[in-house]
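Asks: Below you will find the structure I want to go over with you.
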Amino acid sequence: MQINRLFEIVYLLMDRKRVTANELASHFEVSKRTILRDVDALTMAGIPIYTTQGKGGGIFIQDHFVLNKTLISEDEQKQILFSLQSMSATEFMETKQVLGRLRSLFAGPGKDWIEVDFSRWGHSAADNTKFEMLKHAILNEFAVSFDYLSAYGESKGREVYPLKLSFKSKAWYLQSFCLSENDYRVFKFNRMSNMIVLDTSFHGGDYEVPTIEPAEDPSSLNLIDVKIFVSSHAKYRIYDEFAESDITVNEDGSFTLRMTQGQWIYDYILSYGTAVEVLEPQYIRDELLIRIEKIKHKYWLKT
């Protein structure tokens, strides 16, 4: 307890510049005599703390003091501050208080040159509430339950042991052991709803964190080249949604995209509306025409 108090005294002096023994005694709910003993202990440890008497007096620390500066290099200090600052937007951990303390201890300029917010537009409060619930459950090893909407449009209740939250390709994922399936499962954060932290506890050391995606040999994937023409106002999506190595810009202004074969290709292309035309392969053009006719038929039935 004394070690924590000594550290806190140093932080307060660096943050407030000058405080009285009575203020410190009140803050820590100890006697003034205890505070004076703590100050003596810090002085003996080499911390440049001084006291003055009379009006305007008090306890203060030497200007520009940096705690154990030699333990962490300047570059390492910047990396720590950057990591905390980038995570503080999600409030996934109590970083704001820690960030403030470390800035004082490192004597850094405190520039807020970057802000990272992983929550969706218009859903910050709801997303951060889920983050806090999952953080509590993961750190304290409690099971959670939620409703999950699969990629096939099926909604099903799940009960899981949450093991880790990971961010990949513009989305958060929960890596877990699913009690409903008695197997490891990865769930996309945005598809989870009605979350409840349960009283059921587990021991995290008994479970391995599942990978978000299986390690696959690229040669085993069924890849195809799809040549498309995209209107200028929609070209940004190509670079948003594909790796540079999977994009070829052709002389005629069209794109050739390396894509994994599957039904998702048709939904993806149709999401461009009239801003895209598939040039090759022909079978994708044919299938798109069939689907477009089905869409037209739905609207004709209602007119």
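The values are calculated or read from the model by the stated rules, or taken from the named source; none is laboratory data. Predicted model, so just to flag it, every value in this text is computed and none were measured. Glycine also receives a Cβ, built like all others from the backbone with ideal geometry; neighbour counts cover every protein chain displayed.
Residues are listed down the side, and each one gets a yes or a no for (1) of a type outside the set (A, V, I, L, M, F, W, C); (2) over 20 Å from ILE212 (Cα atoms):
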position: ASN128; (1), (2): yes, yes
position: GLU132; (1), (2): yes, yes
position: PHE142; (1), (2): no, yes
position: LEU163; (1), (2): no, no
position: LYS170; (1), (2): yes, no
position: TYR173; (1), (2): yes, no
position: CYS178; (1), (2): no, no
position: GLU181; (1), (2): yes, no
position: ARG191; (1), (2): yes, no
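Asks: Further question: Can you pull out the strands (runs of 3 or more DSSP E) entirely within region 135-185 that have at least 1 residues that are touching a residue at least 60 places away in the same chain (Cβ under 8 Å) and more than 22 Å from the chain's Cα centre (by Cα)? It would help to see each step written out before you state the result.
Replies: Values: elements: 142-149, 155-168, 171-178.
Filter on region 135-185 gives an empty set.
Asks: How many residues, within region 141-166, are within 18 Å of ASN194 (Cα to Cα), among the hydrophobic types (A, V, I, L, M, F, W, C) and at pLDDT 90 or above?
Replies: Of the residues in that region, 5 qualify.
Asks: Still on this structure, I have one more. Taking the conditions exactly as written (in contact (Cβ under 8 Å) with a residue 40 or more places away in the chain and surrounded by 10 or more Cβ atoms within 10 Å (Cβ to Cβ)), does ILE292 satisfy them or not?
Replies: Values: in contact (Cβ under 8 Å) with a residue 40 or more places away in the chain: no; surrounded by 10 or more Cβ atoms within 10 Å (Cβ to Cβ): yes.
It is false that ILE292 is in contact (Cβ under 8 Å) with a residue 40 or more places away in the chain and surrounded by 10 or more Cβ atoms within 10 Å (Cβ to Cβ).
For every residue, the table says whether it meets (1) surrounded by 15 or more Cβ atoms within 10 Å (Cβ to Cβ); (2) over 30 Å from GLU277 (Cβ atoms); (3) at pLDDT below 90; (4) of a type in the set (A, V, I, L, M, F, W, C).
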residue	(1), (2), (3), (4)
LEU139	no, yes, yes, yes
LYS168	no, yes, yes, no
TRP172	yes, yes, yes, yes
GLN175	yes, yes, no, no
ASN194	no, yes, no, no
GLU216	no, yes, yes, no
VAL226	yes, no, no, yes
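Asks: OK, next. For the subset of region 33-67 comprising residues that are part of a helix (DSSP H, G or I) and at pLDDT 80 or above, which member is surrounded by the fewest Cβ atoms within 10 Å (Cβ to Cβ)? Walk me through it before giving the result.
Replies: We begin by selecting, within region 33-67, every residue part of a helix (DSSP H, G or I); these are 33-44.
Okay, now just the ones that are also at pLDDT 80 or above, so 33-40.
Values: ARG33: 10, THR34: 16, ILE35: 23, LEU36: 15, ARG37: 13, ASP38: 23, VAL39: 20, ASP40: 12.
Once the filter is applied, the top-ranked residue is ARG33.
Asks: For GLU8, work out the one condition from (1) at pLDDT below 70; (2) under 30 Å from PHE131 (Cβ atoms) it doesn't fulfil.
Replies: Checking GLU8 against (1) at pLDDT below 70; (2) under 30 Å from PHE131 (Cβ atoms), the one that fails is (1).
Asks: Looking only at residues in region 241-254 that are within 30 Å of the chain's Cα centre (by Cα) and surrounded by fewer than 11 Cβ atoms within 10 Å (Cβ to Cβ), which one is nearest to SER271 (Cα to Cα)?
Replies: Keep residues of region 241-254 that are within 30 Å of the chain's Cα centre (by Cα), which gives 241-247.
Now drop any that are not surrounded by fewer than 11 Cβ atoms within 10 Å (Cβ to Cβ), which leaves 243-245.
Values: ALA243: 19, GLU244: 21, SER245: 23 Å.
Filtering first and then ranking leaves ALA243.
Asks: Take the residues in region 260-275 that are under 15 Å from ASP225 (Cα atoms) and among the β-branched types (Val, Ile, Thr), then tell me which one is surrounded by the fewest Cβ atoms within 10 Å (Cβ to Cβ).
Replies: Ranking the candidates gives THR260 first.
Asks: Could you say whether any residue in region 150-163 is under 23 Å from ILE265 (Cα atoms), loosely packed, with under 10 Cβ neighbours inside 10 Å and assigned by TED's automatic domain parsing to the domain that holds ARG285?
Replies: no
Asks: Only one of LEU257, LEU279 is part of a strand (DSSP E or B), surrounded by 10 or more Cβ atoms within 10 Å (Cβ to Cβ), touching a residue at least 24 places away in the same chain (Cβ under 8 Å) and over 31 Å from the mean Cα position of the chain (by Cα); which? Lay out the reasoning, then the answer.
Replies: On the way: LEU257 fails: over 31 Å from the mean Cα position of the chain (by Cα).
Among LEU257, LEU279, only LEU279 is part of a strand (DSSP E or B), surrounded by 10 or more Cβ atoms within 10 Å (Cβ to Cβ), touching a residue at least 24 places away in the same chain (Cβ under 8 Å) and over 31 Å from the mean Cα position of the chain (by Cα).
Asks: So in region 12-26, with the set limited to residues that are within 31 Å of the chain's Cα centre (by Cα) and surrounded by 16 or more Cβ atoms within 10 Å (Cβ to Cβ), which one is modelled with the highest pLDDT?
Replies: This residue is LEU12.
Asks: Name the residue, out of ILE238, ILE284, that is out of contact with any helix residue (DSSP H, G or I) (no Cβ under 6 Å at 6 or more places or on another chain), touching a residue at least 40 places away in the same chain (Cβ under 8 Å), surrounded by 14 or more Cβ atoms within 10 Å (Cβ to Cβ) and not assigned by TED's automatic domain parsing to the domain that holds ALA171. Please lay out each step first, then the result.
Replies: Working: ILE238 fails: touching a residue at least 40 places away in the same chain (Cβ under 8 Å).
Only one candidate passes the filter, namely ILE284.
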